[in-house]
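Here is the structure we will look at, set down as structure tokens.
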């Protein structure tokens with residue numbers, strides 16, 4: 001967040017896309033820049049909460065100053081790294097597909113974003129037809145990528161079980177300018193939004209991917225693993 005508590009995202013701070021976060025077994029996060037330099041941030045459980053604005057007003061706890069100073073130097077602007085504990089999580093709004101009890105942390109609209117190889121493959125076919133370069137899943141920043149199936153079948157998935165962990169849809173994901181930023185060069189272009197809008201635009205938005213939330217209660221030992229089987233149940237579009 002910035003000094004006033006307003007969220008800072010890669011929409012305006014493209015340099016964030018040059019940083020990589022790795023979770024550590026002790027609950028800390030190691031953040032690495034493109035030169036290989038890194039900083040570790042431990043959950044600041046004892047820090048006094050700050051008022052932050054992220055899809056509404058809430059609170060979060062600031063990480064150590066040396067971590068925020070490290071990030072500020074790389075972003076070229078003053079920022080604070082903040083952490084949100086379970087007690088501070090915010091509900092998923094009903095207009096975003098939330099139900100009573102559904103909660104979110106610092107992600108935009110849902111805890112999990114799913115994309116599929118089939119849908120990306122179809123998009124890359126459309127891009128090729130328009131003379132644009134192919135892109136990867138990283139443009140869409142999913143948590144889960146599913147192999148197999150039919151392009152955009154996920155539009156109507158109502159429930160998804162990954163391994164043994166059940167999830168339900170909140171809504172398909174509307175896409176923004178973040179998808180137009182190349183992760184390597186940090187340059188922006190009109191793609192893939194321009195091409196997606198030709199085929200995947202309705203209700204004034206352009207859509208790619210599916211937002212999910214876990215079915216509560218979540219088992220304490222729930223883990224998603226590379227290679228997990230995915231079982232989807234069809235429902236509705238939207």
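No value in this document is a laboratory result; all are computed from the given coordinates. If you're wondering where the values come from, they're calculated on a predicted model, not measured in any experiment. Note that we place each Cβ from the backbone using ideal geometry, even for glycine, and neighbour counts take in every protein chain shown.
Side notes on the structure shown:
- Cβ crowding within 10 Å averaged over residues, with 67-79, 178-190 ranked highest first: 67-79, 178-190
- Highest mean packing first, where packing is the average number of other Cβ atoms within 10 Å per residue, the peptides 1-12, 191-202, 26-37 line up as 191-202, 1-12, 26-37.
- Per-q log10 I(q)/I(0), region 94-234, q = 0.14, 0.15, 0.16 Å⁻¹ (Debye; single scatterer per alpha-carbon; no solvent): -0.68, -0.77, -0.87
- Measuring nothing but how far apart in sequence close Cα pairs (under 8 Å, 6+ apart) lie, relative to its length, region 87-238 scores a relative contact order of 29 percent.
- With contacts taken as Cα pairs under 8 Å and at least 6 residues apart, region 1-73 reaches a relative contact order of 23 percent.
- Region 128-191 - convex hull of alpha carbons, volume per residue in Å³: 127 Å³
- With a simple spin-label model that places each label point 7 Å from the Cα along the Cα-to-Cβ direction, the separation between residue 153 and residue 72 comes to 5.0 nm.
- Packing-based order for 39-46, 164-171, 94-101, 218-225, using average beta carbon neighbours within 10 Å, highest first: 164-171, 39-46, 94-101, 218-225
- Rounded to 10°, Cα long-axis angle of helix 117-129 versus longest principal axis of the chain: 70 degrees
- Contour minus Cα-Cα distance for residue 26 and residue 6 (0.36 nm per residue): 4.4 nm
- Shape of region 26-74, Cα gyration tensor, a/c cut at 1.5: prolate
- Between 0 and 90 degrees, the angle of helix 65-75 with respect to the longest Cα principal axis of the chain falls at about 50 degrees.
- Taking all pairs of distinct alpha-carbon atoms in region 34-139, Kirkwood radius in angstrom: 17.1 Å
- The spread of Cα positions in the chain, taken along each principal axis and listed from longest to shortest, comes to 47, 43, 34 Å.
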